[in-house]
Each structure stands twice: as structure tokens, then as C-alpha cells.
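S.K.: Quick one: this structure, given as C-alpha cells, is what I'll be asking you about.
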Amino acid sequence: MLNLTLDREYKAAIYLRLSREDGDFSVVNEKTESNSISNQRLLIKEYLKKHPEIAVVREYCDDGYTGANFDRPQFQRMMEAIRVGEIDCVVVKDLSRFGREYIGAGEYIEKVFPRLGVRFIAINDNYDNAKPDAGNNALVLPFKNLMNDSYCRDISIKVRSNLDAKRRNGQFVGAHVPFGYMRAPDNKNQLVIDPPAASVVQDIFRWKIEGLSPNRIADRLNEINVPSPIEYKKAHGSKQRTCFQTKKVAVWSAVAIYRILRNEVYTGTLVQGKTTSPNHKVKKTIAKPQTEWSRTENAHEAIISPAQFDLVRKIMLEDTRSPAGAPGVHPFSGKIFCADCGSPMVRKVNHHGKREYAYFVCNGNKHDKKSCSSHIIKESIVYDTVLAVVQGHIAAAMNMSAALEQIDRLAWENREIEKINAKISFQEEMIEKNRRLKVGAYEDFKSGFITREEYKAFTAQFDIQINEATEAVNQLISERNSVMDGLVAQQGWLEQFKQYKNIQELTRSTVVNLIDNIRIHASKDIDVALMHGDRFASIVAFLKEEQTGQTQQAAQLVKGVI
């Protein structure tokens, strides 16, 4: 340990720091200016003019790093220089620039620096550990560090509360705007559609429904020279950078396509607050339970309809691998299964001369001959059967649509929405009830009425029920979105079937829009389950009720006349 005196020369480091997180950028412009990097530097240099014994060797600046911890790149480089003897004096504007973490700051100032023989000067706090009266500040210094720490904590709490309030009000608080949107000119917390980018997002969803894989979609976008999200933002003045970029010019990738296809923001729904950190001192990111996410529907204009988003999400859960050399997946990919064991039916192709023979076989039989029979069936038989079923279903849909128009075009859909809303309300009540029970269990544990093991068991059960109810709510919201999509456009989901009224062939788009699944029996019987089958049955029941009601009304009128 070197003796710290005022009559010897020192090799000094100027240390500067500024952070928005700590509230260094205050609402008061004067404070922002006083804490700016340039003003910190100017103040320190003016001070050093009066101290010729101190020679500045190097300057270290952590611009944009919080003072709540010492995990700052320039600070760590300064400490390395101190340990190798290049620096033996540190000069800062004040203690808050050095750090706002009470324990860490005290550790460096009172233990580390004296042990390494480092002179430490905090100008505005009038602290210099080389002065004879430095010991008189031994009691004051911890209080100043504690106040700096407390200030940082208070700012952190206020920032978190403000962000939570904005999320609950449906305001966008993300650092980076999703591709396809931009911030409103008059409100940075409101998303508005960016037309050129939005059209690319719509193409991505359309191509996925048509059967293209994320890799193929990325390749197509690169082939037609569509700039990737990061390059598009750079071209429009954004300074956003990413650590995932490996090339000079970022290109589209399958990961970027997946990210867009899974982002619910494109339906007009904001889902925020998925992660958090323990406190202002610990920056480790922790994933929050889905029940604690902030979710706001209709927060901004949608680029993709909720029904289309739900359809794509369903497609992505299915096995939709593309055959080698094919531009997209087969029309029946992820849709055809064995009716007996539930395994996917695998498409096989044999060639005889110039002719090609395609057929489906049970994948369960492929791996274990004893588990299930082959269920082998020609592709042409499946194709013709499914096409005939779809054509018949469309004809029935046309008749239903005409019948509904005679009664009330929106009567059925309004009734369905009321039923779904009632189910959502019930599940939300279950979520709230279990949250209250969790709070009650904690109070019982603190009061000693139940043991820690009982408390853990109770809360685990409550969490399971909350998660199940949350999943049910999400499913019901998807169903409601599908119905409301028709209402918004002043047409029912039956219009989806009417679009294919002259259908003569099956494409991937037709299959994913109209068919839920196809099941093959050992007898070669084929079951075709179409989308919205439950609603189809509901409409049949609704029409029967209406017909019965009209018959009864007519009978009462006849009785009145007689």
C-alpha cells in the first residue's frame, strides 16, 4: 500500500458517466446539462489546472451505463489499468458519477482504492482521500453513497410504475417498433401502419398459408431484393443494431420469418411485459408467467386479421415439411392421419417408367408393423374424395347462407359471440378467484395457519388452474376473433366457403382454409372434417329453432283467426 500524500505526483484517470436509467436525464434541463459528459469533463479539467501534481494519463467514459452496478466496460478497463500500475489516481465530478450502488461504492472507496494506493477525488463532494482531513468524512461518505443508492432505487420504481401504467392503457413502450409499423408522429406510444413494410408482412402470411416454408419465404424475399427489417429501418434513419447480424448487409432468414408469423401485434393486439428484472441493481432478464403479461386488444390498426393469424398459428403446429426440391408443402401435409392409431399418413412415390404412382401409408406401421396396419391408399382416391366432400360442403354453405339471409344475416353470429363472451367471463372469474386464493394462502402461511409445504402445494395447484383458465381464454378469444372477422366485414364466415363455390381443384390454400383433418380407415373409408364444423352444426340447430318458432307463430295466428 502506497502512502497517499499531496506532495507527490499522480498518474490520473478522469472517469465520466451518464445514464438515463438513473434519472441523470432529468425533466429539468439544467440538470441534464450539468450532468452531461462534456460538462463533467470541463469541470474536472478546471479543477486539475489548480493541481499540477496530478497528470492526466487517460479518460474513461461510460456514456449510457447505469450507476446501480459496476459492470461497466470503461470502469472495468480503468480498474485493470490501476492493477497494473498505469494509474494511481481517479477523479470524478461527484460520488453519483462514480456509482450509485451503496455497498459497491463504499467497498471501492474505503477498501479497494486504499489497498491499491489509489488517490480518489470527488470534486463536488469535496472529498479527497489524500487530504489530512479525509478521515473526517468517513461518517459522511457512507450517507452520501446511501442517498445516491436511494435516489437510483426511487427512479427505478417510478420508471417501472410509469411503464406498467402505459402498458395497461394499451400504449406501446417497446424500444424497437415491430416491422410493419412505425410510431405515430404525434404520439411515440401509438403504433400506426407503415404501408410498404405492412405489405411485406401480408405477403409473408399469405405465402405461409399457400404452403411455403419460412426458409422458402426468406429466399423469395431475398431474390426480389426486399430489404430485411433491420436494413429497412436503417434506410429510414434508425440506428438500431443487432448482435445476430453476420454479414455486411443483413438478409432475410427463416428466424425472422418465424418471428413475424408468431407476433400477435399484427392482429392489432399488444402483448407486453413478458420479461422483468429482480430490481434496479440486477439486470438479469427473467421471463414472467403468461398470466402476468399485459395484453390489450385493438390497441392499433391490424395488418393481419385475427382469423388469418390463428390459421397460420395452427398450420405452424402441424407437420408441414416440404418434399425435397418442391417449392412448398404438399396440399395434405399435416392434415392427413390414420383413423385407428392417430399417426400421420406419409406420402410415398413410386416410379414405373415415366409414370409416377403416389400413395399414403400409416407412419405408425412404418415404425412398428404390429402396432397398426399400413392403411395404404392411393393419393388420387384421397384427392377425389376430399374434393367431392369440399364441393358438397360448399353447396350446403351456400344454401345455409341464403336461409340465414331470409331470417337475419347476423343473428346467428351475434348469438355465438354472446355465448363465447359468457364463457370468457367465466374463465376470467376463475383466474381472479385463484389469484385471490393465492394471496389468502400466503397470508395463512405468514400467520402460521399452514406450513411452508402446504403453502407450496396450494400455490402450485392455484397456478395450474390459472394457467388452464388462461389457455381456455386464449382459445375462446381465437374463436371470437374468427366470428367477429365476419361481422367486421359485414359478412359471416360462410363467405369463406362461398369464395370457393366454383372450386375444381385442391390447392394448399384451399386445404388449410377449409379442412381441419382427414382420417384414413383400414377399410379405406375416408373421414373429412372441415373447418368450422361446430359452427356448421350450430347453424343447422339455429335454423331448426327459427323454423320451429315460425311454425308455432303461424299456428297461433291461425288459432286466433278461428
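S.K.: From the list SER150, SER161, SER199, exactly one residue is at pLDDT 90 or above, polar (S, T, N, Q) and surrounded by fewer than 17 Cβ atoms within 10 Å (Cβ to Cβ). Which is it?
M.R.: Only one candidate passes the filter, namely SER199.
S.K.: I've got another one for you. Taking only pairs six or more apart or across chains, which ones have beta-carbon atoms under 9 Å, a first residue in the stretch 374-387 that is more than 20 Å from LEU514 (Cβ to Cβ), and a second residue that is of a type outside the set (Lys, Arg) and part of a helix (DSSP H, G or I)?
M.R.: From the stretch 374-387, the pairs are SER374/ASN365; HIS375/GLY364; HIS375/ASN365; ILE376/ASN365.
S.K.: Related question: List the pairs whose first member sits in the stretch 487-512 and is modelled with pLDDT under 70, whose second member is open to solvent by 50 Å² or more (accessible area, probe 1.4 Å) and part of a loop (DSSP other than H, G, I, E, B), and whose Cβ atoms are under 8 Å apart, counting only residues at least 6 apart or on separate chains?
M.R.: Here the result reads GLY492/ARG409; GLU495/ALA489, each pair linking the stretch 487-512 to a residue that is open to solvent by 50 Å² or more (accessible area, probe 1.4 Å) and part of a loop (DSSP other than H, G, I, E, B).
S.K.: Give me a count of the residues in the stretch 202-213 that are touching a residue at least 24 places away in the same chain (Cβ under 8 Å) and open to solvent by 10 Å² or more (accessible area, probe 1.4 Å).
M.R.: Result for the stretch 202-213: 6.
S.K.: Has the stretch 363-374 got at least one residue that is in a strand (DSSP E or B) and either open to solvent by 30 Å² or more (accessible area, probe 1.4 Å) or acidic (Asp, Glu) (or both)?
M.R.: no
S.K.: Hey, another quick one. Among the listed residues GLN461, GLN427, GLN475, identify the single one that is at pLDDT 80 or above, open to solvent by 50 Å² or more (accessible area, probe 1.4 Å), within 25 Å of the chain's Cα centre (by Cα) and of a type in the set (S, T, N, Q).
M.R.: Unique residue meeting the criteria: GLN475.
S.K.: Among the candidates PHE113, PHE70, which residue alone is in contact (Cβ under 8 Å) with a residue 24 or more places away in the chain and not charged (D, E, K, R)?
M.R.: The unique qualifying residue is PHE70.
S.K.: Pull up the stretch 1-48, narrow it to residues that are among the charged types (D, E, K, R) and modelled with pLDDT under 85, then point me to the one that is farthest from ARG72 (Cα to Cα).
M.R.: ASP7
S.K.: Okay, next question. Can you report the number of residues in the stretch 72-111 which are farther than 29 Å from SER38 by Cβ and either touching a strand residue (DSSP E or B) at 6+ places or on another chain (Cβ under 8 Å) or among the β-branched types (Val, Ile, Thr) (or both)?
M.R.: Residues meeting the conditions: 2.
S.K.: Next question, about the same structure. What tally of residues in the stretch 171-195 results from selecting those that are open to solvent by 40 Å² or more (accessible area, probe 1.4 Å) and over 13 Å from ILE303 (Cβ atoms)?
M.R.: Matching residues across the stretch 171-195 total 9.
S.K.: Look through the stretch 75-104, keep the residues that are open to solvent by 50 Å² or more (accessible area, probe 1.4 Å) and under 38 Å from the mean Cα position of the chain (by Cα), and return whichever of them is modelled with the lowest pLDDT.
M.R.: Across the stretch 75-104, the extreme among qualifying residues is TYR102.
The values are calculated or read from the model by the stated rules, or taken from the named source; none is laboratory data. As the structure is a prediction and not an experimental result, all values here were calculated from the model. Cβ atoms come from the backbone with ideal geometry, glycine included; neighbour counts cover every protein chain shown. Surface accessibility is based on the protein's heavy atoms, side chains included, excluding ligands, DNA and RNA. Shrake-Rupley method; radii C 1.70, N 1.55, O 1.52, S 1.80 Å.
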